[in-house]
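Visitor: Mind having a look at this structure? Questions to follow.
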Ligand code: FRU
């Protein structure tokens, strides 16, 4: 293995080469999970957007397949890029695009972005279909299927509404902070139903909305959640916000929430969408996100020829706290979580050699009893000069992830950063499930009630972790 390959995440999917952004068309069919994604077949920066493709049997090991949906040359000097969208299984052949009785037709609903050099001409929603489990695709010959005359109107996410035998599309007007809902009987003709927006986080444009029904832990109830990729708690960065509420097949009514809720508090989790058509016994939605941030996305190091990647798959549930419901996320991994129970006491200092043994790719579960300490500093991916610092402060209940001194950070001035979030201990304990995977770190706090995902570029492959008590 080369130096560059050594920094490629081990149990997170990354493309063999070139640029990726949003996951697209997450769908399960016949024992196979599909991950399509925004992909540039020609380079390691954003451009020529097309859909790349990978499949997995277990959401853990992924196999890369050939390009699924290429950019289209229109013949008049304009091109149509294939922007983000979803894939549904048209099991009743509502579209009429498949042979009668065929139950396994896949339909991609995506944003067709038409442009000429230096000029954006249109964004509308279009279809492509596949009869061979996503291996080959045809563009629908009457595209687009939904055009309202805007240059910013995108990222359709479609679900099936069984009681009315209709499809529902969630789609966004990014610059207006408005999510719209449309319905269709055949995926080809769409009717406006309602809209929601102009609230919550409006520090950045809105993108990649999705509507998903999520079970509430320890009950038989569910709530609808609307996830939107938008701004970060820390102005200028990107993140995802969500609204919990009710959806009646026509419009979305949010619960009263005074604060804005974020799916992930780190800098590098964006554009996550749920899988469509999960196996019946899998009641909890599963999402995958793009692990990068538009603030510096095109500038992160790409030593091995690829730029950008994806989070592990995360299983979603809701839990009740006070009068609100909040998201809880559980990572799907095969890595064995190395468990350690710690009781912080004066002078406490853990110096685990875990990282050194595992070449910076491991999963660690710490159950930390705070004792009477004022908090702790956990230094991950530590070398003589650098470390990624996870700090907890008992007085303020603030947990922060600090990558200012984490290794290579000078490729963009916005990359060195710290994020902080309030986390209440449970029975004076903090549980941290930490996925460290070379250049990507996901921290799940208290069973995934808070999650932080950050890219980090340590300059060496052999590191250690150090945990220190704070007086
Ligand atoms: C989000 C996004 C989408 C768009 C795609 C283009 O990251 O900007 O809104 O469809 O990326 O690559």
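The values are calculated or read from the model by the stated rules, or taken from the named source; none is laboratory data. Note that the structure is predicted; figures quoted are calculated from it, not measured. Neighbour counts run over all protein chains shown; Cβ positions are idealised from the backbone, glycine included.
Visitor: Checking residue 386 against (1) surrounded by 20 or more Cβ atoms within 10 Å (Cβ to Cβ); (2) over 25 Å from the mean Cα position of the chain (by Cα); (3) assigned to a strand (DSSP E or B), which test does it fail?
Guide: (3)
Okay, residues lined up against (1) at negative phi; (2) buried (at least 16 other Cβ atoms within 10 Å of the Cβ); (3) free of Cβ contacts under 8 Å to residues at least 40 places away in the same chain; (4) within 13 Å of the ligand (Cβ to nearest atom):
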{"position": "88", "(1), (2), (3), (4)": "yes, yes, no, no"}
{"position": "95", "(1), (2), (3), (4)": "yes, yes, no, no"}
{"position": "100", "(1), (2), (3), (4)": "yes, no, yes, no"}
{"position": "131", "(1), (2), (3), (4)": "yes, yes, yes, no"}
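Visitor: Checking residue 149 against (1) surrounded by fewer than 17 Cβ atoms within 10 Å (Cβ to Cβ); (2) under 16 Å from residue 126 (Cβ atoms); (3) in contact with a helix residue (DSSP H, G or I) (Cβ under 8 Å, 6 or more places away or on another chain), which single condition isn't satisfied?
Guide: It is condition (3) that residue 149 fails.
Visitor: Mind listing whichever residues of the range 211-253 are under 21 Å from residue 175 (Cα atoms), more than 18 Å from the chain's Cα centre (by Cα) and assigned to a strand (DSSP E or B)?
Guide: 252
Visitor: If you don't mind, another one. Out of everything in the range 30-43 that is in contact (Cβ under 8 Å) with a residue 40 or more places away in the chain and surrounded by fewer than 19 Cβ atoms within 10 Å (Cβ to Cβ), what residue ends up being nearest to the ligand (Cβ to nearest atom)?
Guide: 32
Visitor: Something else now. For the range 162-190, which positions are within 24 Å of the chain's Cα centre (by Cα) and away from the ligand (no atom under 16 Å from the Cβ)?
Guide: 167, 168, 181, 182
Visitor: Which residues, taken from the range 223-235, are surrounded by fewer than 17 Cβ atoms within 10 Å (Cβ to Cβ) and either modelled with pLDDT under 95 or within 18 Å of residue 287 (Cβ to Cβ) (or both)?
Guide: 235
Visitor: Just checking, does the range 439-447 include any residue being surrounded by fewer than 18 Cβ atoms within 10 Å (Cβ to Cβ) and over 16 Å from residue 292 (Cβ atoms)? I'd like the intermediate steps shown before the answer.
Guide: Filtering the range 439-447 down to residues surrounded by fewer than 18 Cβ atoms within 10 Å (Cβ to Cβ) leaves 446-447.
Filter once more, so that each one left must be over 16 Å from residue 292 (Cβ atoms): 446-447.
Among the residues of the range 439-447, at least one is surrounded by fewer than 18 Cβ atoms within 10 Å (Cβ to Cβ) and over 16 Å from residue 292 (Cβ atoms), which makes the answer yes.
Visitor: Is it the case that the range 404-414 has a residue that's crowded, with 19+ Cβ neighbours inside 10 Å and in a strand (DSSP E or B)?
Guide: no
Visitor: Go through the range 47-59 and give me each residue that's surrounded by 18 or more Cβ atoms within 10 Å (Cβ to Cβ) and within 13 Å of the ligand (Cβ to nearest atom).
Guide: Of everything in the range 47-59, those that are surrounded by 18 or more Cβ atoms within 10 Å (Cβ to Cβ) and within 13 Å of the ligand (Cβ to nearest atom) turn out to be 49, 50, 51, 52.
Visitor: When the range 202-221 is examined, which residues are found to be in contact (Cβ under 8 Å) with a residue 60 or more places away in the chain, within 24 Å of residue 86 (Cα to Cα) and surrounded by fewer than 21 Cβ atoms within 10 Å (Cβ to Cβ)?
Guide: Correct list: 213, 215.
Visitor: On to the next question. Taking the condition of being farther than 17 Å from residue 226 by Cα and surrounded by fewer than 17 Cβ atoms within 10 Å (Cβ to Cβ), how many residues in the range 167-187 meet it?
Guide: Selection size over the range 167-187: 3.
Visitor: Oh, and also: Report, by residue number, each residue of the range 62-76 that is under 11 Å from residue 114 (Cβ atoms) and more than 16 Å from the ligand (Cβ to nearest atom).
Guide: Across the range 62-76, the qualifying residues are 74, 76.
Visitor: Answer with yes or no whether residue 273 is surrounded by 21 or more Cβ atoms within 10 Å (Cβ to Cβ), part of a loop (DSSP other than H, G, I, E, B) and under 15 Å from the mean Cα position of the chain (by Cα).
Guide: no
Visitor: Same structure, new question: So how many residues does the range 240-270 have that are more than 19 Å from residue 317 (Cα to Cα) and either buried (at least 23 other Cβ atoms within 10 Å of the Cβ) or within 16 Å of the ligand (Cβ to nearest atom) (or both)?
Guide: Adding up the residues that qualify gives 3.
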